[in-house]
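Any read-out appearing in this document is the output of simple, stated calculations on the displayed coordinates, not a laboratory observation. Note that the structure is predicted; figures quoted are calculated from it, not measured. Backbone-built Cβ (ideal geometry, glycine too); neighbour counts: all protein chains shown.
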Amino acid sequence: MIEVKVNTDKNLVEIISSGFLDVGHMRQIKEELLGAHLTKNKILLVIKEVENIDLSFLQVLHAFLKKLKNEGRKFEFQWDIDEEYFRLIERSGFIADFNKISNQ
């Protein structure tokens, strides 16, 4: 689900989300995100190997990004997901919203 890795070469923390990113797993995902030990101010959010993704994950991710922003952390995304999932995210307005949060 959520894996956190410190990349000392790039001086950042990678948060990797994979598998079932849907309402059935939201409690666990939320706890994993909020419990992540972030030792760097730069965060790379990697979304890959997704079995399912829905709007509940995007809403939790949105709240997490706002928290990162409020803490003064910078973040960027690496999307490695099927085109159908990316279209869902894009058409729902979340890509534009994520970009807006990161550029504020």
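Observations
- Cβ-based charge dipole, the chain, positive-most Cα from 12, 72, 94: 72
- All other residues whose Cβ lies under 13 angstrom from that of residue 22 are scored, Lys and Arg at +1 and Asp and Glu at -1, for a net of 0.
- 18 Å Cα-Cα threshold exceeded, pairs from 5/48; 67/100; 10/42; 10/30; 40/69; 69/100: 10/30
- Normalised contact order of segment 2-103, rounded percent, pairs of Cα under 8 Å and 6 or more residues apart: 27
- A straight chain from residue 26 to residue 69 at 0.36 nm per residue would run longer than the Cα-Cα distance by 13.3 nm.
- Taking Cα centre as origin and charging only the Cβ of basic (Lys, Arg, +1) and acidic (Asp, Glu, -1) residues, the dipole magnitude of the chain rounds to 680 debye.
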